Amino acid sequence: MSFAQRLEVRQGQSLVMTPQLQQAIKLLQMSNFELSAYVEDELLRNPLLERANRDGQDGEASDQALETPDNNLSEVSIDAESSASTTAAADAVDADFESTYATSREDAGEQSTRAEPISSLGSGSGGASGGESISTIIEQTATRDKTLAEHLSEQLALTNFDPKDRLMAARLIALVDDDGYLRIDIADEATRLGVPTKRLESILATLQTFEPTGVMARDLRECLSLQLIERDRFDPAMAAMIENLDLLARHDMDGLKECCDIDAEDLAEMIGEIRALTPKPGQAFGGETAAVMVPDVIVTEQPDGGWAIELNSETLPKVLVNARYYAEVNANLRNEQEKTFISECHQTASWLVKSLDQRARTILKVSRELVRQQDGFLAHGIEHLRPLNLRTVADAIEMHESTVSRVTSNKFIQTPRGLFELKYFFTAAIASTGGGEAHSAEAVRHRIKGMIEHETLAEVLSDDRIVELLSEAGIDIARRTVAKYREAMRIPSSVQRRRVLKQSI
């Protein structure tokens, strides 16, 4: 056997995820608010990027600008016949850009930068941050609601804890959730802090005397018990009821009378006292600001029965590349380092503008197909929601499933029926008994809920009976599926519902 060296030339294909392509994928799966935060960051980094005017673009200053949402791309009308001409703008998809979406399975979300808080977005121009004034921020800070942690910390300052106990108490307060519960294992936390469990329990007992009553409880039973103790109503019968809250949840009155050793009159009085308590004492205080669901796409009904689809221009950032400034700077560069920096800035800015334009086109294209597929739902309601999956939409618009998945993630659509996440329109199919068109799982769940809402004491529907009624309506569904849907909607069993109906008579 002999060994020799030789030179070979091979040709092959491979997908290279450049930073620009990663950016494009990342932008596609962002919501409009996340996108605005990202663009604000880029405006601060890149001197060639400029915020476009809302009333119009500075034509002389820009060689590339985001065409949406004010131009004809922002709105697509779908008539009753779904005319193909309405997709002209949405079909103008860059081939290389789309092929990257189609072949790449990388999760760009892992590589994305963390979005800035929405409150940091301003309305300034150019590279300025455009943030709120200092006086405005101070005013908002001064008038915001006090949080539960702040309220408890103020009370902690009035206790006579020694420094070490005070630190441990502050640690427990920091672990309280927005409902006012301390959902931890005290023994584990004591081990973590390196102190005896009894010492930490003693500190917790003091904290549980703080206002609001019931705060720092470890579960619902303890929360209600603390409130009853404060009202001097925690007698043996009430303690037995607290220990058997599951019977109360099932409306098992006979079981409650037996375990509490009381009659019906006392039971009714005790239940009234329980209902007067506060199961979530912490909710009376301010907490983290809840995320506001703002539509990325808006659908409105047309006089001819069709649908107009447009991007929400109020939340879409508009940027352009300042070509005049680029030309001025480029003419006065003194060394290669400066040339490289400006060239990279121009390339990055141009690609961002192109990516934003492509993102808008892709969202419109997918949204148009979703509206076309779910026209029955928009016109007649949830019972007309059709079974739909990613592949069906992807095949219809000649895109890859991963692209459709990214487009429909974290984005909402405002329709005449309400505000929905785009993914809401994808629902599993349930077969028809007669071999006809399949039924949407969401529509079936809605039908089950309607059946139960209209039942009477004379006919409380069991899961088997619901299966029979659905079968008569042409829906082929198993009993375990009905039970799963019912439990997901938090609807009690037929036995529990019958008890509730009896008590309401």
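The values are calculated or read from the model by the stated rules, or taken from the named source; none is laboratory data. Owing to the predicted nature of the structure, the values given are computational and were not obtained by experimental measurement. Methodologically, a virtual Cβ is constructed for each residue, glycine included, from the backbone with ideal geometry; neighbour enumeration extends over all protein chains shown.
Has the stretch 366-375 got any residue that is in a helix (DSSP H, G or I) and in contact with a His (Cβ under 9 Å, 6 or more places away or on another chain)? Checking the stretch 366-375: at least one residue is in a helix (DSSP H, G or I) and in contact with a His (Cβ under 9 Å, 6 or more places away or on another chain).
Quick one: is ARG445 outside the structural domain of LYS26 (by TED's automatic domain parsing), basic (Lys, Arg) and either touching a helix residue (DSSP H, G or I) at 6+ places or on another chain (Cβ under 7 Å) or crowded, with 20+ Cβ neighbours inside 10 Å (or both)? For ARG445, the condition - outside the structural domain of LYS26 (by TED's automatic domain parsing), basic (Lys, Arg) and either touching a helix residue (DSSP H, G or I) at 6+ places or on another chain (Cβ under 7 Å) or crowded, with 20+ Cβ neighbours inside 10 Å (or both) - is met. Just one residue in the set SER432, SER440, SER402, SER409 is farther than 23 Å from THR362 by Cα, of a type outside the set (Phe, Trp, Tyr) and under 26 Å from the mean Cα position of the chain (by Cα); that residue is SER440. Residue selection: THR289 fails the criterion of being surrounded by fewer than 18 Cβ atoms within 10 Å (Cβ to Cβ) and modelled with pLDDT of 90 or more. Can you name the residue in the stretch 1-45 that is modelled with pLDDT under 75 and among the polar types (S, T, N, Q) and is also surrounded by the most Cβ atoms within 10 Å (Cβ to Cβ) among such residues? If we take residues in the stretch 1-45 being modelled with pLDDT under 75 and among the polar types (S, T, N, Q), then GLN23 is surrounded by the most Cβ atoms within 10 Å (Cβ to Cβ).
The numbered conditions (1) surrounded by 15 or more Cβ atoms within 10 Å (Cβ to Cβ); (2) in a loop (DSSP other than H, G, I, E, B); (3) at pLDDT 90 or above are all true for GLU211 except (1). Counting only residues that are β-branched (Val, Ile, Thr), assigned to a loop (DSSP other than H, G, I, E, B) and over 15 Å from SER432 (Cα atoms), the stretch 453-482 holds 1 of them. Considering (1) over 18 Å from PHE210 (Cα atoms); (2) at pLDDT 90 or above; (3) of a type outside the set (A, V, I, L, M, F, W, C), the lone condition that ARG183 does not fulfil carries the number (1).
Here ARG359 qualifies as buried (at least 20 other Cβ atoms within 10 Å of the Cβ), assigned by TED's automatic domain parsing to the domain that holds LEU316 and under 25 Å from PRO295 (Cβ atoms).
Within the stretch 243-285, the set of residues being closer than 23 Å to ASP178 by Cβ and among the β-branched types (Val, Ile, Thr) comprises ILE274, THR278. Once the stretch 487-505 is narrowed to residues that are of a type outside the set (D, E, K, R) and not in a helix (DSSP H, G or I), the residue that is modelled with the lowest pLDDT is ILE505.
Criterion applied to VAL353, VAL299 was being in a helix (DSSP H, G or I) and either assigned by TED's automatic domain parsing to the domain that holds CYS223 or β-branched (Val, Ile, Thr) (or both), and the one residue passing it is VAL353. Looking only at the stretch 466-480, count how many residues are free of Cβ contacts under 8 Å to residues at least 24 places away in the same chain and not aliphatic (A, V, I, L, M). Adding up the residues that qualify gives 4. Taking the criterion of being farther than 18 Å from ALA276 by Cα, crowded, with 18+ Cβ neighbours inside 10 Å and in contact (Cβ under 8 Å) with a residue 60 or more places away in the chain, no residue of the stretch 217-261 qualifies.
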